[in-house]
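Some notes on the structure that comes next.
Where a number appears in this text, it was derived from the coordinates with a stated rule and is not lab data. For clarity, every value in this text was computed on a predicted model and none was experimentally measured. Positions of Cβ are backbone-derived with ideal geometry, glycine not excepted, and every protein chain shown enters the neighbour counts.
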Amino acid sequence: MISKVNAICLAVLMIAAWFLAQWTEGVWWVAPPSAARWWMAAGSLVAYGLLCAWSLRSDSVTKTSTTNVTSLTSEQVTESSPATFGNDDSVLVVYASETGFAEELAQQTLELLRAAGKAAELLPLDELSVERLQTVPHAFFLASTAGDGEPPVHAFEFAEEVMSSQHDLSSLTYAVLALGDSSYDEYCAFGRQIDAWLQQCGAKAADERIEVDDADPLALSAWQALVEEFAGNAQPSL
């Protein structure tokens, strides 16, 4: 900014000198300057002009650098910001439902968690991926059993393709609610299969699997207590 002012002042002085020269009559001085003085004056003028030009360029480079640094800092903040949104209380509520009862219980579980301020998300098992499980610290699984120990229809593909192999789920803590009917030979079979698969993948169980025999209210109360304990931040291990 200062160099610009200097350049403007120089231009104004030169214009003023030209006008004064037009108004002045006669000889300016008794003897004209020597050639050496002319060269010195010209050199000084050129040096001053170069100094002004250099100052302008320096200002421009400084402003560009400042802009680049500001832009870079802004980009770094933008890139790292998603880290500030990380929530250790985030939890998935996953259900495998044949008649709709497991889904209903999963919805109630979700409402309890959200009412307590938890970042909870509801997913049917067929929409769940291993990659998604690897991005959350906690998960609640509610699974019913169909037929002779089979998974519900919508969960069959997940059981066949995903649960047939092991994956790294060591960062996951989970709880399982297995729904079934003890009058069948394969009682709560699919819920047990999910529990076993999670353990094989290195996930940590928050508590023992809760099994519900034909909508047993005591078992459902135990599940509700576990969810409320997590929702109230009195988390035993979940």
Neighbourhood net charge (12 Å Cβ-Cβ; Lys/Arg +1, Asp/Glu -1) for residue 209:
-3
Computed from every Cα-Cα pair in segment 175-238, P(r) in 10 Å bins starting at 0 and rounded to whole percents is 22, 46, 29, 3
Net charge near residue 108 (other residues with Cβ under 12 Å of its Cβ; Lys, Arg +1; Asp, Glu -1) is -3
Taking the Cα centre of segment 114-154 as origin, work out the dipole magnitude from +1 charges on Lys and Arg Cβ and -1 charges on Asp and Glu Cβ, in debye rounded to 20.
340
Can you bin segment 119-197 into rounded, prolate or oblate? Criterion: square roots of the alpha carbon gyration tensor eigenvalues sorted a ≥ b ≥ c, rounded for a/c under 1.5, prolate for a/b above b/c, oblate for the rest.
prolate
Amide H of residue 179 versus every other amide H placed in the peptide plane: which residues, excluding those fewer than 5 positions away on the same chain, fall under 5 Å?
143, 144, 145, 191, 212
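Can you figure out the FRET efficiency of residue 196 with residue 116, using R₀ = 41 Å and their beta-carbon distance, to the nearest 0.05?
Working: r = 30 Å, r/R0 = 0.72.
FRET efficiency, residue 196 to residue 116: 0.90.
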